[in-house]
Amino acid sequence: ALRGARQEDLVRILDELDDRTQRLEDEKQGLEKQRQELQSSSDQAAEARRQTAEKERQLGVLAGTVAATGPGITMTVQDTKGAVESDMLLDAIQELRAAGAEAIQVNGVRVVANTYLADSGGSVAVDGNKINAPYRFKVIGKPQDLEPALNIPGGVVQSLEKEQATVSVERSDKIVVDALRQAKQPDYARSSSR
């Protein structure tokens, strides 16, 4: 079809083809740039989702809303005389926290930041849940820090033994803390970030 075309027409057609080629090349580069940005933002979004899920898991462990597993100790307090009181168990919890405990469960009740203990007619109540001896603490943390913290002279173990309780502490590579708390919606507090 171009054999009979005049030279001017051929030059014009060639220029149009060059222009079209340049436009397509520009469009291709724009699309490649957009694809890279989408991949980058997709990677960023995926990373943000991963980090958010990890943070949610960590906060869930601290809040007691998710189960936790890891190295730690099991401390069992046998109290045949009924002399162990809530303040002694609270001392144990505080000592464990100070030694780096990340998750604690006592007789099937998860211990969290606002946990309270009270004496309850010959036994102990943890957050209103009555528990009886033997008191079994499942604690996740570094066993090499947790066990010595309980056994320091004048510490938790000696105080409990003074009350004629028997205390055993066992290290383990795998402790499972699976007692869960319900997440409570605050009545008045709201997030300040918008």
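Values quoted throughout were computed directly from the atomic coordinates according to the rules given, and no laboratory measurement underlies them. Note that the coordinates shown come from a computational prediction; the quantities given were computed from them, not determined experimentally. Every residue, glycine as well, gets a Cβ built from its backbone with ideal geometry; the counts of neighbours run over all protein chains shown.
Run the dipole for the stretch 1-63 about the Cα centre, Lys and Arg Cβ at +1, Asp and Glu Cβ at -1, nothing else charged, and hand back the magnitude in debye, nearest 20.
340 debye
Using θ = phi - 60° and the Karplus curve 6.51 cos²θ - 1.76 cosθ + 1.60, what whole-Hz ³J(HN,Hα) does each residue of the stretch 159-175 get, with Gly and Pro shown as x?
Using θ = phi - 60°, the values come out as 5, 5, 5, 4, 8, 6, 8, 10, 10, 10, 10, 10, 7, 8, 7, 9, 10 Hz.
Under 26 Å Cα-Cα from Lys81, which lysines qualify once same-chain neighbours fewer than 8 residues away are excluded?
Lys130, Lys138, Lys162
Grab the beta carbon distance between Tyr116 and Asp187, set R0 = 22 Å, and tell me the FRET efficiency rounded to 0.05.
0.75
What is the spin-label model distance, in nm, from Arg171 to Asn132 if the labels are put 7 Å beyond Cα along the C-beta direction?
3.4 nm
Where the only charges are on Cβ atoms (+1 Lys, Arg; -1 Asp, Glu), what is the dipole of the chain about its Cα centre, to the nearest 20 debye?
My answer is approximately 420 debye.
Angle check, please: helix 86-98 long axis (alpha carbons) against the longest principal axis of the chain (alpha carbons), in degrees 0 to 90, nearest 10.
Relative to the chain, helix 86-98 is tipped by roughly 40 degrees.
Please compute P(r) over all alpha-carbon pairs of the chain, binned at 10 Å starting from zero, and give each bin as a whole-number percent.
That works out to 8, 24, 21, 11, 8, 6, 6, 5, 5, 4, 2, 0, in percent per bin.
Within a Cβ distance under 13 Å of Glu56, other residues only, what is the Lys/Arg minus Asp/Glu net charge?
Within the 13 Å Cβ shell, the charges total +3.
Suppose R0 equals 45 Å; then what is the FRET efficiency for Asp15 and Ala53 from their Cβ-Cβ distance, rounded to the nearest 0.05? Present the calculation step by step, with values, prior to reporting the outcome.
Numbers: r = 56 Å, r/R0 = 1.25.
For R0 = 45 Å, the calculated efficiency reads 0.20.
Gain in length, Lys142 to Gln158, computed as 0.36 nm per residue apart minus the alpha-carbon separation, to one decimal in nm?
3.6 nm
Given the stretch 1-79 reduced to its alpha-carbon atoms as identical point scatterers, what log10 I(q)/I(0) does the Debye formula return at q = 0.12, 0.13, 0.15 Å⁻¹?
-0.69, -0.73, -0.81
Kindly list the residues of the stretch 118-160 that lie in the label zone of Glu85, defined by a backbone N under 13 Å from the point 7 Å along the Cα-to-C-beta vector.
118-124
Spin-label point model (7 Å from Cα, Cβ direction): what's the Gln34 to Leu180 distance in nm?
Inter-label distance under the simple model: 4.4 nm.
Mean 1/r over all different Cα pairs, inverted: what Kirkwood radius does the stretch 80-194 give, in Å? Mind showing how you got there, number by number?
Values: mean 1/r = 0.0651 Å⁻¹.
One over the average 1/r among Cα pairs gives 15.4 Å for the stretch 80-194.
Using only the alpha-carbon atoms, how far is helix 7-63 inclined from the longest principal axis of the chain? Give it as 0 to 90 degrees, nearest 10.
Helix 7-63 sits roughly 0 degrees off the main axis of the chain.
Projected onto the charge dipole of the chain (+1 at Lys/Arg Cβ, -1 at Asp/Glu Cβ, origin at the Cα centre), which of Gly141, Ala92, Gln7 gives the Cα projection farthest towards the positive end?
The one lying farthest along the dipole's positive direction is Ala92.
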